[in-house]
């Protein structure tokens, strides 16, 4: 019959132990007992070795399990922390979006006004450059201003310092554009930009200046 030693689910089978009666009497019996004792010792040593091996493997297994468990706990904790931080960030972003939505109209109007203002500033610079290079442009502005005017001899023209030479050297031409005008009075605005053209008679004042026209157009655009 086979005997089983069980310890922590490790089955160790001990070899058959045979008891035989020797024909030689006590000598045979003593030899058998010695052999039996050796066999028991050997089996016990094998069992101890197997038990030690199992214990070592179990220790490694328990260590790995504890390591995995600790890693998972740390991972879960880190994941929860990140999720909480993400929730905070999302909540803050939702708050910002709410504020932006509430102020959308105000922001749009502000941006619209800024864009329009920038566009007209650029337009003014472009026109000023054009006035500097094309003298005929000022005459066209002046002609538009006086097309419906009738003067009683006296005519006043307000300009910037940039157009003084042009106006004084072409005064007769400018007078000829206004019915009844005989004398041209010129007023110079030293700090004004190019394109200032304000025409005055005894009955009427017409401001055809580039900056005035741009401002009027800009205000109309903003109020649309």
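The values are calculated or read from the model by the stated rules, or taken from the named source; none is laboratory data. Not measured: the values here are computed from a predicted model. Cβ atoms come from the backbone with ideal geometry, glycine included; neighbour counts cover every protein chain shown.
Might you let me know whether the range 123-139 holds any residue that is modelled with pLDDT of 75 or more and under 30 Å from the mean Cα position of the chain (by Cα)?
No.
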Practice task
Looking only at the range 74-87, decide whether some residue is assigned to a helix (DSSP H, G or I) and at pLDDT 75 or above.
Solution key: yes
Completion exercise
Within the range 152-169, of all residues that are in a strand (DSSP E or B) and touching a helix residue (DSSP H, G or I) at 6+ places or on another chain (Cβ under 9 Å), the one nearest to residue 132 (Cα to Cα) is 159
Problem - Condition broken by residue 138, with the remaining ones in (1) assigned to a loop (DSSP other than H, G, I, E, B); (2) under 21 Å from residue 190 (Cβ atoms) satisfied - result: (1)
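Per-residue answers, yes or no, for (1) exposed (fewer than 11 other Cβ atoms within 10 Å of the Cβ); (2) in contact with a strand residue (DSSP E or B) (Cβ under 6 Å, 6 or more places away or on another chain); (3) on the phi > 0 side of the Ramachandran plot:
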position: 95; (1), (2), (3): yes, no, no
position: 112; (1), (2), (3): no, no, no
position: 122; (1), (2), (3): yes, no, no
position: 135; (1), (2), (3): no, no, no
position: 142; (1), (2), (3): no, no, no
position: 155; (1), (2), (3): no, yes, no
position: 168; (1), (2), (3): no, no, no
position: 171; (1), (2), (3): no, yes, no
position: 177; (1), (2), (3): no, no, no
Problem - Identity of the residue in the range 189-214, surrounded by fewer than 17 Cβ atoms within 10 Å (Cβ to Cβ), in contact with a strand residue (DSSP E or B) (Cβ under 6 Å, 6 or more places away or on another chain) and more than 16 Å from residue 141 (Cα to Cα), that ends up modelled with the highest pLDDT - result: 189
